[in-house]
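Here the structure is laid out as structure tokens; the discussion comes afterwards.
The values are calculated or read from the model by the stated rules, or taken from the named source; none is laboratory data. Note that the structure is predicted; figures quoted are calculated from it, not measured. Please note: Cβ atoms are built from the backbone with ideal geometry, for glycine as well, and neighbour counts cover all protein chains shown. SASA here: full protein model, heavy atoms, side chains in, ligands and nucleic acids out. Shrake-Rupley method; radii C 1.70, N 1.55, O 1.52, S 1.80 Å.
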Amino acid sequence: MDDIDDLFAEPLQDDLNDELPDDLTSGLNDGLNGDLVNGLSGGLDGGLDGELNATLTEHINGQLTLPQAVPPPGLTAHLDKLHQGGCNQTMAWSRLGALACINEDSKNVKIRCLKFHRDGNWGFSEYTDSTLMDKLLYPDPDCVHVSWSPLGSDLLIVDNSGRIAVGFMLYALNRIMIPKILNHDSDGNPNTVVAIKWLNQFKKQIAIAGVASKSGSHWRYPLSGAEPRGPFSPNHKAGFLIVTRGLFLKLYLQVAGVGDWMEVKHELDRSSTSHEPISHATMCAEQSQSKKDDEILLAIHTTAGRLRLYTIRIDWQMSQDSTHVTASLRVQHVTQLDRCLPLFDQSVLSGMPADECQLCFLTLIPRAPLQPGQNNTTSPVVLAAFSHMDPSASIVTTVSRWEVDESRASIDLIFSQLSTKKVSAGHLVDERALKPLEDVHLDGLVIGIELVQHDTQIALHYSNGNTEFRDRNMGELLMEETTDRATCFNRVGFTFDESTPCLEVALSPHSTVKVSMNKGQEYKVSSMHRYLPIADPEAISQVTAAFVLQHAASEGVSSPPTDDLLMTMWEFERQLTEEQRKIMECQFMKDLYQVLQITEKCTDSNIDAYIKLPALGKTASMQASLSVRVITGGGLQWTRSGKIALTIQSLRIIALSLSFSRANLQKGQDIDLHRPDVLDYLVPQIKWFIQLIDYIMDQLFQVNRVMGVSDPFDGDAIAAKVESAYACLILVMCTIPRTYLRNIIRTIKTLPSILQNGMSQAQSSLAVKYTALSAALRGGVTQPKQLEAVLEITEKSLNQFYTRLHPRERQDLEMQLLAEGTIPTGLTPFIQKLLSQLVEDFRTQAGEAEELLAFRQWGPVSLVDDKQTLHWQADTIWDATRKIDLTGRKVRTKTCLRCTSITEDIKDRAPRSWLTNLTRTCFCGGQFILDKPT
């Protein structure tokens, strides 16, 4: 305590003694002489009041920091658990958005999800108990660890004996099906699982976000792709490796049958460990020395304090028909440290010997993602976090690091190749070493470590509730110096405000939302936030750019849903005015559409590929979700741009359904359009689309009546008189929805001939379904060909106009239509021509049909919240995904986590795989959770 004594010189002691009462002075002197905490406690008990407390604080402020935070209940027991090692993660967040938590009694697992509530707040859904543990083959399970697969659909639960229960998510985030028990022979401490490593299932590129930069009024968003590291599952099914405390390595891979798993077992080298059990272990993907394939690095810490490094290679054997898989494991010991301890630093550890620090976490940081055209100069790093709590409640965490040094290995590899020197297992000699790096000392107890941002950042969770982000070298992340650059959120001012003491923390898939848990299993969810004392437009633009960058990097096929990013953006917008919020959302959507080049890819020649573009569905989903507004008295409404986005989502699903159902038609093969389950799905979709055609034509007729033949087009005036027609005009004028409308109309024109051929050969039950689809096609008041003519003439006129514009100008016009939901003044001549001539002609042709449109029910397709629609919504339970009325029907339902709409649960009907995928998520793009039976 010499360093503390030096802080207090004699004048300071004299000054304090003059101001403090006698009963406190003696206690304080005792504290200054070495027993600070006990001395202060004695003085405080002697009668320190608020005024004297302020005086003491004023004297010692900045020179001595006293522990302020009260440790959370159960911290000591939790710390002992961390010291003992093993797998002890009691909650885990799936990349699909489901949070799995072990119950307080450790007998089961419950599932919760982020959900947007109808009061306008994001939070957790009600928890659902998993049925996974109810059907296990052994009694009285004691669950200690949960983990999700990289795709987020497979859940793994480990008990304290090493048994593993594994199941998969089915049609809803909170339903886990098909339990399976692995590691059956586990019984006792030697079989306790100490590390788990999932295998990647697909070799799909990872999107890496660079640094967004602003030039003038436009932002530039650099994105690049990085190759994921293996080893990969050869059959693209779930697989993982485990390490047991008794030095066994096991590989599990799901094989052909549902619930069937293959097991491969390998014993680690025991020669230099004298059978010392493992306390902690960790694994990461790594590139092999030959760079021809991938391997896994394994670091273990034994109960004797040794740190050992291994490499693991998996040799796969596939049958010729790819239906049968076998595997073997090759494990090689690389190097060893006999004493895995922090560097001795007396001043930092406050007199505590280094060997009194106990290991809490062992983590392997893999190489940074390798991007095309770049040389990867990073190396794997072993990170060990040692924590200690002394009797005075001072908490110290020391992070020790060792770089996997390949310099010697590279030289040895060259000589080994020249001499063809081999070891008995057939490997080249691997002599990689562990190079010690400088320790990092942290003020606080670290209770969790997570690798985020594709392993380029480290998240440190503290027992006081704070979360800190550092780079992979444990350096602090600094704020961007100017507002014309944007990267990750923690570098543009976002932090976690939550500081409630806790025992465990888990981060959401994009690391912007965290959930903390205390001893009583009270869960608290909080989002990263940035406060703006002054609503600076440049700061808002920078924050918006950061959101665009992170969303753009999350638009791949296998990218996780962006609900956590949406929650963070929603929370940030709370401090903005409605006008500032609109500006932010417009910038966000315009930039996101542009950086993903969504409008440029929308052409007739590319329509088949375009309708399957995942980025379009995810981007339109974000537009709809951001456009939600909470109305007075409760309930939700969507802005005009949000309704346009929802309509695009519905059109996209119908276009995909028709495309898949007619696949192989040109080849003369059987098509899914003749399947009963597909017809059941298509009939209500076609009914909805025919109704949408009638609705658009009705709104165009209304605008024509309001404005007159010769009146100039006035968008504001039209919007004031016929608001719903304004949105319909955008559907006609904007390239994306217009292309979808034309594509669907062209497709349904081919259906009558297909149905006629099917009717001649169909059985009676199937003939009824053909008749229903034919009736749906003929159910409109107007004809699809009328809207098709409107769309074709509009397309031709706009293309002629766009040829005279710079591509950027066309893009701006399209974005004003799509993202802002407003009609640019530059397009008013075309609307004038459309409404005063073409629509007038169709009104004349429609005759009595125009009057019949007034009696149509527009509730399911209305683009405005008029009284008729609001009454219909209040009286109807509408399945917006399947386009059917569920009112009065006793069916099991699922609820969307984003738009709160419901759909019928059809898991038992075994539809076609493409149909299953289309109905797996809501039409708005959100994920479903299964509702409780009523």
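Where both partners of a DSSP beta bridge lie in region 796-934, what percent of those bridges are antiparallel, to the nearest 5?
Expressed as a percentage, antiparallel bridges in region 796-934 total about 90.
If you plug each phi of region 767-779 into the Karplus form 6.51 cos²θ - 1.76 cosθ + 1.60 with θ = phi - 60°, what whole-Hz ³J(HN,Hα) values come out, in order, with x for Gly and Pro?
4, 4, 6, 4, 5, 5, 5, 4, 5, 5, 5, 9, x
Whole Å is fine, so just give me how far the alpha carbon centre of region 827-892 lies from that of region 496-551.
If you average the Cα positions of each part, the centres end up 41 Å apart.
Below 10 angstrom from the Cβ of residue 625, what's the summed charge of the other residues (Lys, Arg +1; Asp, Glu -1)?
0
Enter the accessible area per residue of region 462-533 (Å², integer; probe 1.4 Å; all protein chains in place).
Value for region 462-533: 42 Å² per residue.
Rolling a 1.4 angstrom probe over the protein chains, ignoring ligands and nucleic acids, what is the accessible area of residue 197 in square angstrom, nearest 10?
50 Å²
Would you work out the charge dipole size for region 841-922 about its Cα centre, treating the Cβ of every Lys and Arg as +1 and the Cβ of every Asp and Glu as -1, and quote it to the nearest 20 debye?
740 debye
Under a Cβ-only charge scheme (Lys and Arg +1, Asp and Glu -1), can you give me the dipole magnitude of region 460-599 about the Cα centre, in debye to the nearest 20?
In debye, rounded to 20, region 460-599 gives about 260.
Of 166, 205, 230, which is farthest on the positive side of the dipole of region 150-245, counting Cα position, with +1 on Lys and Arg Cβ, -1 on Asp and Glu Cβ, and the Cα centre as origin?
205
Round to the nearest 10 and report in Å² the accessible area of residue 129, as given by a 1.4 Å probe over the protein chains' heavy atoms.
Surface open to solvent at residue 129 totals about 80 Å².
In sequence order, what are the phi-derived ³J(HN,Hα) couplings for region 646-653 according to the Karplus relation 6.51 cos²θ - 1.76 cosθ + 1.60 with θ = phi - 60°, rounded to whole Hz, with x for glycine and proline?
Those phi angles translate into 5, 5, 4, 4, 5, 5, 4, 5 Hz.
Within the set 81/107; 582/612; 115/514; 769/883; 115/894, which residue pairs have Cα atoms separated by over 20 Å?
Over 20 Å apart, Cα to Cα: 582/612.
Amide H of residue 206 versus every other amide H placed in the peptide plane: which residues, excluding those fewer than 5 positions away on the same chain, fall under 5 Å?
For residue 206, whose amide H was placed from the backbone, the distant partners under 5 Å are 226, 227.
Net charge near residue 926, counting Lys/Arg +1 and Asp/Glu -1 over other residues with Cβ under 10 Å of its Cβ?
+1
Starting from one equal scatterer on each C-alpha and no solvent at all, send me the Debye-based log10 I(q)/I(0) for region 785-934 at q = 0.08, 0.14, 0.15 Å⁻¹, two decimals.
Here the Debye-derived log intensity ratios amount to -0.40, -0.99, -1.04.
Mind grabbing the accessible area of residue 484 for me, 1.4 Å probe, Å², rounded to tens?
Number for this one is 70 Å².
In debye to the nearest 20, how big a dipole does region 500-553 give about its Cα centre with +1 on each Lys and Arg Cβ and -1 on each Asp and Glu Cβ?
Once rounded to the nearest 20, the dipole reads 180 debye.
Amide H neighbours of residue 103 under 5 Å, counting only residues 5+ apart in sequence or on other chains, H built in-plane at 1.01 Å?
The answer is 108, 109, 110.
Kirkwood-based Rg over Rh for region 516-599 (C-alpha set), two decimals?
When Rh is taken as the Kirkwood radius, the ratio is 1.05.
I'd like the Karplus ³J(HN,Hα) series for region 499-511: coefficients 6.51, -1.76, 1.60, θ = phi - 60°, whole numbers in Hz, and an x wherever there's a Gly or Pro.
My calculation for region 499-511 gives 9, 7, x, 8, 10, 8, 9, 9, 9, 6, x, 9, 6 Hz in order.
Would you please give the residues with an amide H less than 5 Å from that of residue 397, counting only those at least 5 places away or on a separate chain, with H modeled from the backbone geometry?
Distant-sequence amide H within range of residue 397: 442, 444.
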